[in-house]
1. Leaving out ligands, DNA and RNA, and with a 1.4 Å probe, what % of the accessible surface on the range 1-133 is carbon or sulfur?
2. Along the positive direction of the dipole of the range 227-288 (beta-carbon charges: Lys, Arg +1; Asp, Glu -1; about the Cα centre), which of 270, 239, 251 reaches farthest?
3. What nm distance separates the two modelled labels at residue 379 and residue 240, each placed 7 Å from Cα along Cα→Cβ?
4. What FRET efficiency do you get for residue 462 and residue 304 if R0 is 41 Å and r is their Cβ-Cβ distance, rounded to the nearest 0.05?
5. Please list 393, 119, 400 from largest to smallest accessible area, probe radius 1.4 Å, with all protein chains kept in place.
6. In Å², what does the accessible area per residue of the range 433-479 work out to with a 1.4 Å probe?
7. Using Cα pairs under 8 angstrom and six or more residues apart, how large is the relative contact order of the range 110-211, in percent?
8. State the extension gain, in nm to one decimal, for the chain segment bounded by residue 360 and residue 61, taking 0.36 nm per residue of separation less the distance between their alpha-carbons.
Amino acid sequence: MDIKNISVFENRCLINGEWLTATTLLDVKNPVDDTVLTQVPVLDDVVIHRVIQDADRAQKAWKQVAPAERSQVLKQWFHLVMQHQEELATIMTLEQGKPLKEAKGEIAYAASYIEWFSEEAKRAYGDIIPAASSSEILVFKEAIGVCAAITPWNFPAAMITRKVAPALAVGCSIIVKPASETPLTALALAKLAVQAGVPAGVLNVVTGSSTKIGQILTASSVVKKLSFTGSTEVGAQLMAQCAPTIKKLSLELGGNAPVIVFNECDLEQAVQGVMDTKFRNAGQTCVCANRIYVQSGIYDEFIVRLKAKVEALKLGNGLEDGTDIGPLINRKAIQKVEEHIQDALSKGATLVCGQESNDSQWCQPTVVRDVTQEMLCATEETFGPFAPVFRFEHEAEVIEMANDTEFGLASYLFTQNLNQFLRVSRALEYGMVGVNTGLISNAAAPFGGVKSSGIGREGSRYGLDDYLEMKYVCVGNIN
Ligand code: NAP
């Protein structure tokens, strides 16, 4: 399939309403076979500085547009994205590798944030606070200004709409730097945003050197906010770069999600929940089960059922019907999965299914049992289709093990015991807890982490706050 024939395909950057290219270009590859799909611009410093000024001018006009009108533009963008769901998903599968059915699911999920914030655009309420008798305290919520967004390759659409939709809803402008592996989904979304009526300069998409673009955006005093999704390492670096200009920050960073399966669970539900959270996007999600803790009373039966489901997964090209697991994003990702499997096996874990080593782009879904806290997979995010299963005896012990990590994004537990669900949900040091489900993402819910997993929340009514500043107005001497 020639990607250039897809109607929403675009390989130029969107800058102040114009589509620009550059003399230096960057290859975008299909992870299935590393063939070059197309090339995108490596923008130079002058253009990046200019786009900040353009976004600043555009924001001053956009914030004056009535919220109901901004809402209509976002609603129109939502409809266009859904009308082009199949084409957008095809672009995503070609550049990212995930199965087409998952890519379609991600487009619908990404669109749901646009729809959600098109509605929230009308609800950036302020406050009137009771004060001393002769004064009034008013709180206005105002758009923060020019925002920057830097996004990863694992969700090439949703990680963008989660940031762009709330920013546009409240009257901010935004400059998006998508991951270099997956810029085409971002550019296609931007093409539809222009068709929907987003004015020139309000949404800009830039590609090129992440270090250089990151440095210019973070150093600029015109850029008032950075929203970053990606690794904790890069997030910390960007946070330091934002310090001199005291920017508002949203950071959605790495995870190391525990799944706790108690004796009192519905076993089939728990096994399916683990499949859902572990193997979606070939395990390349930040909310992906990284450590699976199963209580001893059901341990052996859990392994038998998990093995049967994992062995039924079909590896393949994401564009082929029936594919459950696509290629990993690159060779480095495969090496990390292999390292975790080898480390676990060398320290006493037992292979249940999958493979001990792999020399292709494809990573066989792998389950190992009798895993312990001393193994690498207990402390590091694997980001691949590897399911390590730990055994535990008591609730207090598993809570301690689950919390024994620098990360605090998603966690999961499976139990039919009401008291246990409440006790353990409270005890888990995570931003999100899935109870009897492996699927927790939803535009209506506050998505985000604690500890080294980040700052801020995306989606839900709280998602608007990350793009707003409060202004307190004191009215005194009222007669
Ligand atoms: P990454 O290496 O941190 O890259 C993410 C983005 O940052 C890319 O656009 C990348 O650009 C850019 N970048 C890299 N170095 C930079 C620098 N020095 N300055 C400015 N930008 C820089 O992460 P990744 O490997 O793409 O994504 C996987 C990670 O994201 C995992 O840890 C995962 O858990 C996390 N994640 C978190 C969430 C969440 O919501 N918490 C969601 C999804 C993923 P280039 O591509 O051009 O290098």
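1. The C+S portion of the solvent-accessible surface of the range 1-133 is 50 percent.
2. My answer, from the dipole projection, is 239.
3. 2.1
4. 0.50
5. In descending accessible area the options line up as 400, 393, 119.
6. 51
7. 27
8. Stretched fully, the residue 360-residue 61 segment lengthens by 102.5 nm.
The values are calculated or read from the model by the stated rules, or taken from the named source; none is laboratory data. Because the structure is a prediction, the values reported are computed rather than measured. No Cβ is skipped: glycine too gets one built from the backbone with ideal geometry, and neighbour counts run over all protein chains shown. Heavy atoms of the whole protein, side chains included, go into the accessibility calculation; ligands, DNA and RNA do not. Shrake-Rupley method; radii C 1.70, N 1.55, O 1.52, S 1.80 Å.
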